[in-house]
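Scroll down for the structure; my scribbles are underneath it.
The values are calculated or read from the model by the stated rules, or taken from the named source; none is laboratory data. A quick note: this is a predicted structure, and the numbers were derived from the prediction, not measured. For neighbour counting, all protein chains shown are included, and Cβ atoms are generated from backbone atoms with ideal geometry for every residue, glycine included. Keep in mind that these areas ignore ligands, DNA and RNA; they rest on the heavy atoms of the full protein, side chains included. Shrake-Rupley method; radii C 1.70, N 1.55, O 1.52, S 1.80 Å.
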Amino acid sequence: MPVAKQTEIKPAEGKLGVLLVGLGAVSTTFIAGVEAIKKGFAQPIGSLTQMGTIRLGKRTDNRVPLIKDFVPLAQLKDLVFGAWDIFPESAYDAALNAGVLEKELLGQLKEPLRKIRPMKAVFDQTYVKRLSGTNVKTGKNKFELAQQLIDEIAEWKRKNKCARLVMIWAASTEIFLKQHAVHKTLDSFEQAMRDNHKAIAPSMIYAYAALKSGIPFANGAPNLTVDIPALMTLADKNKLGICGKDFKTGQTLMKTIIAPGLKARMLGLHGWYSTNILGNRDGEVLDDPDSFKTKEESKLSVLEYILQPEVYPTLYKDFSHVVRINYYPPRGDNKEGWDNIDIFGWLGYKMQIKIDFLCRDSILAAPIVLDLALFLDLAQRAGMKGVQEWLSFYFKSPQTAPGLYPEHDIFIQLMKLKNTLRHLRGEDLITHLGLEYYD
Ligand SMILES: NC(=O)c1ccc[n+]([C@@H]2O[C@H](COP(=O)([O-])OP(=O)(O)OC[C@H]3O[C@@H](n4cnc5c(N)ncnc54)[C@H](O)[C@@H]3O)[C@@H](O)[C@H]2O)c1
């Protein structure tokens, strides 16, 4: 039984428009998957919102509903998809090009996928050096491009009869940018857009347009994007959720599963060497050192935060951590990630762990996009604004309130996510103390 006060959550009535920046491998695998599930020939494997359960009350209470029955999420039948891309191909052709899903499966989904044609992108090759395309907006300056997006979003919402929208960045990784003075306030940010300042990347223009249009925003790539005071202030001011960054799939997913286990057993680490081969367009973009730098920063911080060398110097001081991504076209989206982990145990005796993860990047990322769209929409209806740290579970480099270190341990992240849902519904938080069973 609920004990605390429930948060008022507006019902998920009407259609939810999911606006995707980038209609590449991740976005098309996500859309095709939802369409296949809607048609009843696939299961939403990997999606916590669709398959996950949540325990309520005591272990003896036997209350374990599905998450989607516990909180009012939008239903898959109510999702509508829109996208921007620098290439004009429909979602069907883009999915064929991405080569993630089989032709036969896509053939069965041709009709809904063909209808999704990307809107013209806000793009500048300065920020993604390895790409060039024709489906691109032109405008006097970055502020004007943002206004074009704002008008386009309003028109899209009206045409598609959506009640609510969410926006997710699933476009290419931009070059590494640091926070700049113009990112400090909303005024300086808007002025910088008018001045075509180089510190304003396209991803920031989309995020600005979303937040100005009353739409929550999630960042699936490691770009700086909403991790700047100006856009965090705008999200707060307009009472919108934001979260990021960089979908946690593949190798980093494994890292945040294994590292907490090593630390739990007080096993030491001398080094963790990670390398990948990957042949999709994402791999091609990341072959550019400036885009790779953005990804590398996002991937590297994970172990430091989980292992806390400053708290456990004997175990984790000065471990070496190397991450490499090599573009290797024959593999397409089917990445192979190797990890060599040099650990040590009792009396300092050395051991090694080897992981060879033959994963499929977009297959791991697609359910994350679905969950983020549904949870961000839920947060919006529940009046949750600003950085949605409870969604850290989905990110390699979780966004937090300024000054707060991110939590990377996937098990803590999951507990936080589920406790947030319990809190919303006025249920007891689960601490796993469990003394009551022994009274
Ligand atoms: N697949 C994964 O496991 C995974 C995990 C974490 C992060 N990501 C990130 O997600 C993003 C998408 O990955 P993907 O495999 O789909 O890549 P992709 O290259 O297949 O698709 C990205 C698409 O974005 C488009 N694009 C680039 N800049 C754009 C802009 N300014 N506006 C609109 N469209 C733009 C490109 O034309 C391309 O079609 C990448 O940044 C990637 O690093 C992916």
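Can we say Val80 is away from the ligand (no atom under 16 Å from the Cβ) and open to solvent by less than 60 Å² (accessible area, probe 1.4 Å)? The answer is yes for Val80. Anything in segment 178-198 that is open to solvent by less than 10 Å² (accessible area, probe 1.4 Å), of a type in the set (A, V, I, L, M, F, W, C) and more than 16 Å from the ligand (Cβ to nearest atom)? List them, or say none. Those that are open to solvent by less than 10 Å² (accessible area, probe 1.4 Å), of a type in the set (A, V, I, L, M, F, W, C) and more than 16 Å from the ligand (Cβ to nearest atom): Phe189, Ala192. Looking only at segment 90-107, decide whether some residue is within 15 Å of the ligand (Cβ to nearest atom) and among the charged types (D, E, K, R). Looking through segment 90-107, at least one residue is within 15 Å of the ligand (Cβ to nearest atom) and among the charged types (D, E, K, R). Taking the criterion of being more than 8 Å from the ligand (Cβ to nearest atom), in contact (Cβ under 8 Å) with a residue 40 or more places away in the chain and of a type in the set (Gly, Ala, Ser), the residues of segment 18-41 that qualify are Ala32, Gly33, Ala36.
Those residues that are polar (S, T, N, Q) and either crowded, with 18+ Cβ neighbours inside 10 Å or more than 17 Å from the chain's Cα centre (by Cα) (or both), I need them from segment 399-423; list them, please.
Let us first name the residues in segment 399-423 that are polar (S, T, N, Q), namely 399-400, 413, 419-420.
Listed by number, the residues that qualify are Gln399, Gln413, Asn419, Thr420.
Could you say whether any residue in segment 21-32 is more than 25 Å from Phe393 (Cα to Cα) and either surrounded by 24 or more Cβ atoms within 10 Å (Cβ to Cβ) or charged (D, E, K, R) (or both)? No: zero hits. Meeting the requirement of 3 or more residues that are modelled with pLDDT under 95, the helices (runs of 4 or more DSSP H) wholly within segment 235-342 are 250-264, 281-286, 289-307.
Could you go through segment 208-219 and let me know if any residue there is within 30 Å of Trp338 (Cβ to Cβ) and buried (at least 23 other Cβ atoms within 10 Å of the Cβ).
Quick first cut of segment 208-219, residues within 30 Å of Trp338 (Cβ to Cβ) only: 218-219.
Of the ones still in play, those that are also buried (at least 23 other Cβ atoms within 10 Å of the Cβ) are 218-219.
Yes: segment 208-219 contains one or more residues that are within 30 Å of Trp338 (Cβ to Cβ) and buried (at least 23 other Cβ atoms within 10 Å of the Cβ).
Each row is one residue, and each column tells you yes or no for (1) open to solvent by 20 Å² or more (accessible area, probe 1.4 Å); (2) within 16 Å of the ligand (Cβ to nearest atom).
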{"position": "Tyr305", "(1), (2)": "yes, no"}
{"position": "Lys317", "(1), (2)": "yes, no"}
{"position": "Ile341", "(1), (2)": "no, no"}
{"position": "Ser362", "(1), (2)": "no, yes"}
{"position": "Ala373", "(1), (2)": "no, yes"}
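Beta carbons closer than 7 Å, at least 6 apart along the sequence or on distinct chains, pair a first residue in segment 386-407 that is at negative phi with a second that is among the basic types (Lys, Arg) and within 16 Å of the ligand (Cβ to nearest atom) for Tyr394/Lys248; Phe395/Lys245; Phe395/Lys248; Lys396/Lys248; Lys396/Lys299; Ser397/Lys245; Gln399/Lys245. Taking the criterion of being under 10 Å from Ile306 (Cβ atoms) and in contact (Cβ under 8 Å) with a residue 60 or more places away in the chain, the residues of segment 245-268 that qualify are Lys255, Thr256, Ile258, Ala259, Pro260, Leu262.
If you filter segment 424-439 down to residues that are part of a helix (DSSP H, G or I) and out of contact with any helix residue (DSSP H, G or I) (no Cβ under 9 Å at 6 or more places or on another chain), you find that the one that is surrounded by the fewest Cβ atoms within 10 Å (Cβ to Cβ) is Tyr438. Could you tell me whether segment 141-148 includes any residue that is touching a residue at least 40 places away in the same chain (Cβ under 8 Å), of a type outside the set (D, E, K, R), crowded, with 24+ Cβ neighbours inside 10 Å and away from the ligand (no atom under 16 Å from the Cβ)? Looking for residues that are touching a residue at least 40 places away in the same chain (Cβ under 8 Å), of a type outside the set (D, E, K, R), crowded, with 24+ Cβ neighbours inside 10 Å and away from the ligand (no atom under 16 Å from the Cβ), one finds none in segment 141-148, hence no. Looking across Arg114, Arg158, one residue alone is open to solvent by 50 Å² or more (accessible area, probe 1.4 Å) and either under 22 Å from Val369 (Cα atoms) or within 13 Å of the ligand (Cβ to nearest atom) (or both). It is Arg114. The helices (runs of 4 or more DSSP H) falling completely within segment 47-110 that include 1 or more residues that are in contact (Cβ under 8 Å) with a residue 60 or more places away in the chain and under 30 Å from Leu421 (Cβ atoms) map to 48-51, 67-70.
Among residues belonging to segment 239-273 that are within 14 Å of the ligand (Cβ to nearest atom) and among the hydroxyl-bearing types (Ser, Thr, Tyr), point out the one that is nearest to Pro329 (Cα to Cα). Break it down into steps so the answer makes sense when it comes.
Let us first name the residues in segment 239-273 that are within 14 Å of the ligand (Cβ to nearest atom), namely 243-256.
Keeping just the survivors that are among the hydroxyl-bearing types (Ser, Thr, Tyr) gives 249, 252, 256.
On the way: Thr249: 20, Thr252: 22, Thr256: 28 Å.
Among them, the one singled out is Thr249.
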